[in-house]
């Protein structure tokens, strides 16, 4: 879920409280007219990409002076943690070097995987 609050900087209090609206919005995008609270829960079926909406504000004392700004939200592929495979049992001799082969796979874009043992290992 995406949630943020639009605000009208330097609004003239004598012109009334700002009212917010959105236009040209992706399905499910909404804004609370009184608070400017924008919410959107993108559908699972949406492809990664950029989705936009035109957010506008107007004050009741000057309804013909609408201020608008384009909001763009980028949806990326969900990052799934890589799978690490190691042997499940090993024999270790005290005082001798021990090595262990580990492999990792990731179904995401081709990038180098790096892994290490934490402190005290």
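The values are calculated or read from the model by the stated rules, or taken from the named source; none is laboratory data. Nothing here was measured: the structure is a model prediction, and the numbers come from that model. For neighbour counting, all protein chains shown are included, and Cβ atoms are generated from backbone atoms with ideal geometry for every residue, glycine included.
Hey, can you tell me all the residues within segment 52-81 that are outside any strand (DSSP E or B) and either in contact with a helix residue (DSSP H, G or I) (Cβ under 6 Å, 6 or more places away or on another chain) or at pLDDT 95 or above (or both)?
The one that is outside any strand (DSSP E or B) and either in contact with a helix residue (DSSP H, G or I) (Cβ under 6 Å, 6 or more places away or on another chain) or at pLDDT 95 or above (or both): 61.
Anything in segment 5-27 that is surrounded by fewer than 14 Cβ atoms within 10 Å (Cβ to Cβ), in contact with a strand residue (DSSP E or B) (Cβ under 8 Å, 6 or more places away or on another chain) and over 17 Å from residue 66 (Cβ atoms)? List them, or say none.
5
Residue by residue through segment 3-19, note down the ones that are over 19 Å from residue 41 (Cβ atoms) and in contact (Cβ under 8 Å) with a residue 24 or more places away in the chain.
Selection gives 7, 8, 11, 12, 14, 15, 16, 17, 18, 19.
Pairs under 6 Å by beta carbon, first residue under 23 Å from residue 15 (Cβ atoms) in segment 62-76, partner in a strand (DSSP E or B), six or more apart or different chains?
That search, which allows pairs on different chains as well, returns 66/56; 66/58; 67/57; 68/54; 68/56; 69/55.
Considering 45, 112, 116, which residue is free of Cβ contacts under 8 Å to residues at least 24 places away in the same chain and closer than 13 Å to residue 26 by Cβ?
Exactly one residue qualifies, and that residue is 45.
For segment 23-42, how many residues meet the condition of being within 20 Å of the chain's Cα centre (by Cα) and either farther than 13 Å from residue 8 by Cα or in contact (Cβ under 8 Å) with a residue 40 or more places away in the chain (or both)? Talk me through it step by step, then tell me what you get.
Narrowing segment 23-42 to residues within 20 Å of the chain's Cα centre (by Cα): 25-31, 36-42.
Still in the running and either farther than 13 Å from residue 8 by Cα or in contact (Cβ under 8 Å) with a residue 40 or more places away in the chain (or both): 25-31, 38-42.
Adding up the residues that qualify gives 12.
Kindly evaluate residue 31 against the criterion of being at pLDDT below 95 and surrounded by 12 or more Cβ atoms within 10 Å (Cβ to Cβ).
For residue 31, the condition - at pLDDT below 95 and surrounded by 12 or more Cβ atoms within 10 Å (Cβ to Cβ) - is not met.
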